[in-house]
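Participant: Starting off with a structure, shown below.
What follows is calculated from the coordinates using simple rules that are stated; it is not laboratory data. Bear in mind the structure is a predicted one, so any value in this text is a computation, not a measurement. Methodologically, a virtual Cβ is constructed for each residue, glycine included, from the backbone with ideal geometry; neighbour enumeration extends over all protein chains shown.
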Amino acid sequence: MNSEELHKRRGAAVARGVTSVIPSYVERAAGGSLHDVDGREWIDFGSGIAVTSVGNSAPRVVAAVREQVERFTHTCFMVAPYESYVAVCEQLAALTPGTFDKRAALFNSGAEAVENAVKIARHATGRQAVVVFDHAYHGRTNLTMALTAKSMPYKHRFGPFAPEVYRAPMSYPLRDGGLSGEQAAARAIDVIEKQVGAANVAAVLIEPIQGEGGFVVPAPGFLPALAAWARSAGAVFVADEIQTGFCRTGAWFACEHEGVEPDLVTTAKGMAGGLPLAGVVGRAELMDAVHPGGLGGTYGGNPIACAAALAAIETMRELDLNTAAQRIEAWFRPRLDAVAAAGAGIAEVRGRGAMLAVELVRPGTIEPDPARAAAVARACHDAGLLVLTCGTYGNVLRFLPPLVISEEQVTRGLDILAGSLLAQLPG
């Protein structure tokens, strides 16, 4: 069955609100490539949105999943516990920033992890207000839609949303008029203190590098200043590391780049080699503040997903995927900088490790150019390169290759990308 036939079946069976980036249907995938049912190869600069960091069907993950499926598929940890759940929590405590005593709990998705981090912060502090930031993305459930900044397509006509969520200005160096990280933090803190009140803040929740909001890297000093303020205010500093975690930025977690030690960290995406698993990990006194039975879920920490996570983490260590992410950045940056210098309407090349992006603007301005971003992405897709767009303004091309991608695959992909950008120079 080919993609055209599958697309007809889809139209009769799948809700139209669920969309896809490329028109082809995947049959198999490995390393840095996808192969569709029509026999076509796609170079993968998306990783299922930063999920298959260790590569699709990574050998250790496949073996671990097969072994676990043969032993048992589900008991519910809240009913009959098992060792792999405990082992994943131990790994989270060991890998996340901070040498303090930690505890962890496992869930199914990033949105669920964020919701539980908010629950924990509110329970531990006795406060209700949650501070988030412009351009943030935290999920598609009711609470996480409230936490997310962008209306279309995530929030449009889905309200009313959960209350006691407040938005502060983000550090966005391209659009901040030269503010330093400390100055941008002072601006945000001023908004929080005036509009919310420090004594009311349960949690300050932030992506160390924003994902869907445009791969915005805050100016140096912004995150440490916010973390310090939260601590002084008695609020919980929560790092949403769902997209940035597990070697994606060239460190286990992106907070490490500035020495920030969050009180709580949310994880998902890359942690389990493609299987659905998420977690909240942080200070023991916060995590243990919740009464017994207050955290959980039927599928949270499913044994198959836990086995996959342990194998994925072992793969990350064995292949040194932090170094691999740094190497990928070294392959990408010169090409992206060269295309930007050629007058391709790129206002900024940004990101860390294998989490990189270019922001497209109209000539001589920083006015967003979402139409061109969409056109370039389509041209890449036509040529066999999977790239994703993002950003509050829809004008950012983002690159999230698997961390096991080869230099040859990156070179071929960048050739396609550069050609697509330069073939559609801004008028």
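Participant: Full-extension gain between Ser232 and Asp101, please, as 0.36 nm times their residue separation minus the C-alpha to C-alpha distance. Don't jump to the answer; show the numbers that get you there.
Facilitator: Values: separation 131, 0.36 × 131 = 47.16 nm, distance 2.00 nm.
So the chain would gain 45.2 nm between Ser232 and Asp101.
Participant: Now for a different question. List the relative contact order of the stretch 61-318 as a percent without decimals, with contacts defined as Cα pairs under 8 Å and 6+ residues apart. It would help to have the intermediate numbers written out before the result.
Facilitator: On the way: 514 pairs, mean separation 79.1, N = 258.
After rounding, I find 31 percent.
Participant: Using the charge dipole of the chain (Lys, Arg: +1 at Cβ; Asp, Glu: -1 at Cβ; taken about the Cα centre), state which of Gly110, Ile405, Ala324 has its Cα farthest towards the positive end.
Facilitator: After comparing all options, I get Gly110.
Participant: Compute from the Cα atoms of the stretch 246-312 the Rg and the Dmax, the latter being the longest Cα-Cα distance, and quote both in angstrom.
Facilitator: 13.6, 37
Participant: What distance in nm separates the simple spin-label points at Ala13 and Ala80, each placed 7 Å from Cα in the Cβ direction?
Facilitator: Going from the Ala13 label point to the Ala80 one covers 3.3 nm.
Participant: Sticking with this one: Which Cα, out of Ala344, Pro370, Val358, lies furthest along the positive dipole direction of the stretch 326-385 (beta carbon charges, K/R +1, D/E -1)?
Facilitator: Farthest along the dipole direction, towards plus: Val358.
Participant: Right, something else. Between Glu314 and Tyr166, what is the label-to-label distance in nm when each label sits 7 Å out along the Cα-to-Cβ direction?
Facilitator: Spacing of the two 7 Å Cα→Cβ label points: 4.7 nm.
Participant: Nearest 20 debye, what's the magnitude of the dipole of the stretch 61-318 about its Cα centre given +1 on Lys and Arg Cβ and -1 on Asp and Glu Cβ? The partial results should precede the final answer.
Facilitator: Working: 20 positive and 25 negative charges, 143 e Å.
Roughly 680 debye, rounded to the nearest 20.
Participant: Say a paramagnetic label sat at a point 7 Å from the Cα of Ser151, along Cα to Cβ; which residues of the stretch 116-137 have their backbone N under 15 Å from it?
Facilitator: 135
Participant: With charges only on Cβ, +1 for K and R and -1 for D and E, what is the dipole size of the stretch 252-305 about its Cα centre, in debye, rounded to 20?
Facilitator: On the way: 2 positive and 6 negative charges, 65 e Å.
Computed charge dipole of the stretch 252-305: roughly 320 debye.
Participant: Assuming R0 = 41 Å, can you tell me the calculated FRET efficiency for the pair Val191 and Asp337, based on Cβ-Cβ distance, to the nearest 0.05?
Facilitator: Values: r = 34 Å, r/R0 = 0.84.
The calculated FRET efficiency here is 0.75.
Participant: Quick check: convex hull of the Cα atoms in the stretch 36-152, volume per residue, rounded to a whole Å³? Could the numbers behind the result be given before it?
Facilitator: Numbers: hull volume 24.2 nm³, N = 117.
Per-residue hull volume (Cα only) is 207 Å³.
Participant: What residue among Gly31, Gly297, Gly391 has the largest mean-square fluctuation in a Gaussian network model of the chain, using Cα springs under 10 Å?
Facilitator: Result: Gly297 has the largest fluctuation of those listed.
Participant: Picking from Glu241, Glu256, Glu212, which is most flexible by a Gaussian network model of the chain using Cα springs under 10 Å?
Facilitator: Glu256
Participant: Which residue fluctuates the most in the chain, going by a Gaussian network model with Cα springs under 10 Å, if the choices are Ala375, Ala185, Ala278?
Facilitator: Answer for the Gaussian network model of the chain: Ala375.
Participant: OK, next. Take every DSSP beta bridge with both residues inside the chain and express the antiparallel ones as a percent of the total, to the nearest 5.
Facilitator: Details: 32 of 48 bridges.
Close to 65 percent.
Participant: Once amide H atoms are placed 1.01 Å from N in the peptide plane, what residues at a sequence separation of 5 or more from Ser33, or on another chain, have their amide H within under 5 Å of its amide H?
Facilitator: Amide H neighbours of Ser33: Asp44.
Participant: Could I ask something else about it? Which of the listed residues, Phe158, Thr392, Gly31, is farthest toward the dipole's positive end in the chain, when Lys, Arg count +1 and Asp, Glu count -1 at the beta-carbon?
Facilitator: Looking along the dipole axis, the top candidate is Phe158.
Participant: Which lysines, if any, have their Cα less than 24 Å from the Cα of Lys102, not counting same-chain residues under 8 positions apart?
Facilitator: Lys119, Lys269
Participant: What value, in deg cm²/dmol to 500, does the helix sum -39500 (n - 2.57) over DSSP H runs of n ≥ 4 give at 222 nm once divided by the residues of the chain?
Facilitator: Numbers: 13 runs with 161 residues, N = 427.
Value at 222 nm, helices only, nearest 500: -12000 deg cm²/dmol.
Participant: Oh, and also: Seen from all sides and averaged, what is the projected area of the convex hull of the Cα atoms in the stretch 290-418, in nm²? Can you show the working numbers first?
Facilitator: On the way: hull surface 45.4 nm².
Spelled out: convex hull of the Cα atoms, projected over all directions, averaged, 11.4 nm².
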